Amino acid sequence: MDKTAQKVWNQAHQQANSGRRTVTIDPITRLEGHGKIEIFLNDQGNVDRAYLQIPELRGFEVFSQGRPAEDMPQITSRICGVCPTAHHMAAAKALDDLYGVKCHPVGRKIRELVYNAFMLEDHALHVYVLGGPDFIVGPDAPKEMRNIVGVIGKVGLDVGKRVISMRRRIREIINYAGGKVIHPVMGLPGGVAKGISASELPKFKEIAKDGLEFAKFTLQVFHDIVLRNDAYVKLITSDTFTHKTYYMGLVDKNNKVNFYDGDVRVVTPEGKEYAKFPIQKYLEHISEHVEPWSYIKFPFLKKVGWNGFVEGGSSGVYAVAPMARLNAADGMATPEAQKAYEEYFKVLGGKPVHHTLANHWARVVEMLQAAERIVELVNDPELTGKEFRTIPTKTPKIGVGVVEAPRGTLIHQYETDENGLIRRANLIVATLNNSARIAMSVDKAAKGLIKGGKVDDGLLNMVEMAFRAYDPCFGCATHTLPGEMPMIVTLRDMKGGVIREIRR
Amino acid sequence: MPDKPKVAFYWCASCGGCEEAVVDLAEDILTVVGAVDIVLWPVAMDFKKADIEARPDKSIVAAFINGAVRTSEQEEWVRMLRKKSQVVVSFGACANSGGIPALANQSRKEDILKYVYEDCPGVDNPDKTRPRIKCEDEGHTLTLPELRSMVRSLDQVIDVDYYLPGCPPTPKLIMAAVQALLSGKLPPKGTVLSPDIALCEECKRKDSKPADLALTEFKRPHQIQIDPEKCLLAQGIVCMGPATRGGCEALCPGGNMACTGCFGPTSRVKDQGAKFVSSVFSNIAPKEEKDIDAVLDGIPDPIGTFYRYGLSKCLLRRKLN
Ligand code: SF4
Ligand code: SF4
């Protein structure tokens, strides 16, 4: 690492040590969106109930009305600027369905290339910067170390720079094919707006190769630092961070994990296939419950029903995101990822895995699949085809699109008039699908950790770990209008008086 | 050694894309972090409201604020940042003019709430429960903030010194703005920190843009194969290039799609939509009213097209019923 970078890290250390917890100096570190946690204690000072509240709402479904459907990939990408590619793709796929047009095979490959590039860079961000600090550095580390600085201390100075430059290079692929990397413009019904020129391929091949190396390296890092440490493995498998719920994810025709396309598969808490359906049937399977204390809604399995924030087969609560995807599939679609997948289940005691913190490991397994798929695609001679779009001819009516966002299953549905102007829209975003289980995780962690009214700042990290493992995006969930704020934890006694308020 | 200049980043109602654009400075971010002292950056650092409150007024050299303003919480934050900062930079389309979230100014708040919690496909809510400002759950009192009924731009709430345009601004422009601030060579207050030229000037397709477009028809981008070289307007696709400020180097036309106007207007223009209408519609070939109407039928959503990012700022900004 060069001198400037070195200085920057040192400076962050200093700030951290001056008593203010610096999450990180690295700009790629983030806690997405605004969350508020209220913890109510009973007379013994134990936790009666902890609430994770999402405090705002934007209303994309409503202001989409009257807009031309083909604008939706660009409009909905503004739900989240961290995950714009996921919304953009789900919208483009909803447009294919809306216009009854099959995506041109070249266009589809370009979309998949961009999508896997996005999956790889976004997962890398969480592994090294968001989740990493808790897990790679460790939950018991001093709080000033639970950040990217601590991660670098542990895995070496070069890694920070490697993450920054690897992520930038992978994002160049999205920028080139998508026009813009933040809020791409490529998606149209039947394909993409722009093809890939053969002259770009050597560069993309280079990036792809390095990307795969990077994913393998990341798995090694995870092994060396996390899996070799019994205390961590114990923490992953501890009851405080475990819930037995249903799991959901997209699978291909061989029931392998697929990020871009496939059927939705749901497995029971025992790991048996519960349902498998094309996305057009999602309303037969998913309903949304409303609580008065949060702007977020709580999706549940319709046929099981909403029975509150409880686990088990008789509760309709389900999970999405990496751990859920691995549970819902029969394996990975690429060889290196498959190897990693087998080891994951072997070490964690077989399928399904219910341990929330295992999401971190599952995310690394998925990085491998994304990287391997990028390599496959840049070596596919069809990728640079001169045609990449099929012009739709049918009258639009209703369309549904789905992708696996890094944070889980993402569904867009549009209904239009015959001119393709939106009449109704429904967006079920990834973190929304996870909202009930995340709320349960926060409640369970608080109950497991706070006893006799004793709390310390360590509580915060443990409570945060309970939701951070999901890589939640509260800015995105329910399309909230995030007043992006530090997290607030308020402890209240039975009468509602504030005992303590902790802000991070 | 004198103190390094103090800088704050803050986000209001934003998708996070503006923050991601700062992250996309990539290796350059290390230079920025080396040259300034970041005293607030909720996305990456842990400074609290109280830390800012405790600072002397005007002790922050520059506050970069992105996102539109919709809640009392955000109002409070931006007013405080105004007090503590010498310079406030309105960062990105949402802060500058409402951005995409301001499209909600076309809907009443009640309609938004009713749709989301009652009418939306798949909602199972027989009791018509809505999130409430204050509620009881199992004997616990919980509160939520109230939504304002309007999405406002930053300068509709506080005084703003400079504007960085774009949805989001490009890393190049962000870097240039930071360097200008650090050098102390500040342009006049109110300046938009991006070239004051129309986007067409930066567009590779410019040479194929005819002086007289003679438009006979507007087409929507999914209906035709878009020629990757030719001016989009000349192909009959609504491209906001002539009414939009440059600075992005015509990214979207480079992606073979039309500009949707995220950089806002140039300094000579007040209303971006009106500018587009006056400059482009005079090029409509037919002269009879009904023929003109037929041409305009190709633009089924004029508000969403001409004011995609600007509804907080333009005269159309509110639907009353
Ligand atoms: S109208 Fe659009 S495509 Fe034509 S020159 Fe201007 S920016 Fe380029
Ligand atoms: S081309 Fe237009 S819409 Fe695209 S980034 Fe530039 S100003 Fe924004």
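The values are calculated or read from the model by the stated rules, or taken from the named source; none is laboratory data. Computed from a prediction, not measured in an experiment: that's the story for all the values here. FYI the Cβ positions are ideal-geometry reconstructions off the backbone, even for glycines, and counts take in every protein chain you see. All accessible areas refer to the heavy atoms of the entire protein, side chains included, with ligands and DNA or RNA removed. Shrake-Rupley method; radii C 1.70, N 1.55, O 1.52, S 1.80 Å.
List of remarks:
- Among (1) part of a strand (DSSP E or B); (2) open to solvent by less than 50 Å² (accessible area, probe 1.4 Å); (3) within 11 Å of chain B (Cβ to nearest Cβ) - the single one residue A:424 does not satisfy: (2)
- Candidates B:114, B:83, filtered to the one that is under 25 Å from the mean Cα position of the chain (by Cα) and not in a strand (DSSP E or B): B:83
- In region B:189-197 there is no residue matching the filter, namely being over 25 Å from the mean Cα position of the chain (by Cα), acidic (Asp, Glu) and either within 13 Å of ligand 2 (Cβ to nearest atom) or surrounded by fewer than 22 Cβ atoms within 10 Å (Cβ to Cβ) (or both).
- Residue in region B:220-238 that is more than 16 Å from ligand 1 (Cβ to nearest atom) and either open to solvent by 20 Å² or more (accessible area, probe 1.4 Å) or out of contact with any strand residue (DSSP E or B) (no Cβ under 7 Å at 6 or more places or on another chain) (or both) present: yes
- Residue count, region B:122-143 (criterion: within 21 Å of residue A:288 (Cβ to Cβ) and open to solvent by less than 10 Å² (accessible area, probe 1.4 Å)): 2
- In a residue-by-residue description of region A:327-336, the property of being in a helix (DSSP H, G or I) and open to solvent by 40 Å² or more (accessible area, probe 1.4 Å) applies to at least one position.
- Scanning region A:424-438 for residues that are among the basic types (Lys, Arg) and closer than 16 Å to residue A:91 by Cβ returns a single hit, A:424.
- Qualifying positions in region A:69-89 - more than 7 Å from chain B (Cβ to nearest Cβ) and either surrounded by fewer than 24 Cβ atoms within 10 Å (Cβ to Cβ) or within 16 Å of residue A:424 (Cβ to Cβ) (or both): A:69, A:72, A:76
- Of everything listed in (1) assigned to a loop (DSSP other than H, G, I, E, B); (2) open to solvent by 30 Å² or more (accessible area, probe 1.4 Å); (3) of a type outside the set (Lys, Arg); (4) facing chain A (nearest Cβ under 8 Å), the single unmet condition for residue B:57 is (4).
- Residue in region B:250-272 that is open to solvent by 10 Å² or more (accessible area, probe 1.4 Å), β-branched (Val, Ile, Thr), more than 16 Å from ligand 2 (Cβ to nearest atom) and more than 14 Å from every other protein chain (Cβ to nearest Cβ) present: no
- Residue within region B:211-219 that is out of contact with any Ser or Thr (no Cβ under 7 Å at 6 or more places or on another chain) and within 16 Å of ligand 2 (Cβ to nearest atom) present: no
- Filter result (in a helix (DSSP H, G or I) and open to solvent by 10 Å² or more (accessible area, probe 1.4 Å)) within region A:117-138: A:127, A:130
- Subset of region B:203-217 (residues that are within 14 Å of chain A (Cβ to nearest Cβ) and either near ligand 1 (Cβ under 7 Å from one of its atoms) or under 20 Å from the mean Cα position of the chain (by Cα) (or both)): B:203, B:205
- Count - residues of region A:340-358 that are out of contact with any His (no Cβ under 8 Å at 6 or more places or on another chain), part of a helix (DSSP H, G or I) and either in contact (Cβ under 8 Å) with a residue 24 or more places away in the chain or not hydrophobic (A, V, I, L, M, F, W, C) (or both): 9
- Scanning region A:251-272 for residues that are out of contact with any Phe, Trp or Tyr (no Cβ under 9 Å at 6 or more places or on another chain) and free of Cβ contacts under 8 Å to residues at least 60 places away in the same chain, we see that the one that is farthest from residue A:358 (Cα to Cα) is A:253.
- Here is the figure for region B:225-244: residues that are out of contact with any helix residue (DSSP H, G or I) (no Cβ under 7 Å at 6 or more places or on another chain) and away from ligand 2 (no atom under 16 Å from the Cβ) total 2.
- Lone qualifier among A:282, A:274, A:318 - being open to solvent by less than 10 Å² (accessible area, probe 1.4 Å) and either of a type in the set (Val, Ile, Thr) or more than 30 Å from residue B:142 (Cα to Cα) (or both): A:282
- Residue check, residue A:248 modelled with pLDDT of 95 or more, in contact with a Phe, Trp or Tyr (Cβ under 6 Å, 6 or more places away or on another chain) and not polar (S, T, N, Q): yes
- Within the span defined as region B:146-163, every residue fails to be at positive phi, without any contact (Cβ under 8 Å) to a residue 60 or more places away in the chain and surrounded by fewer than 23 Cβ atoms within 10 Å (Cβ to Cβ).
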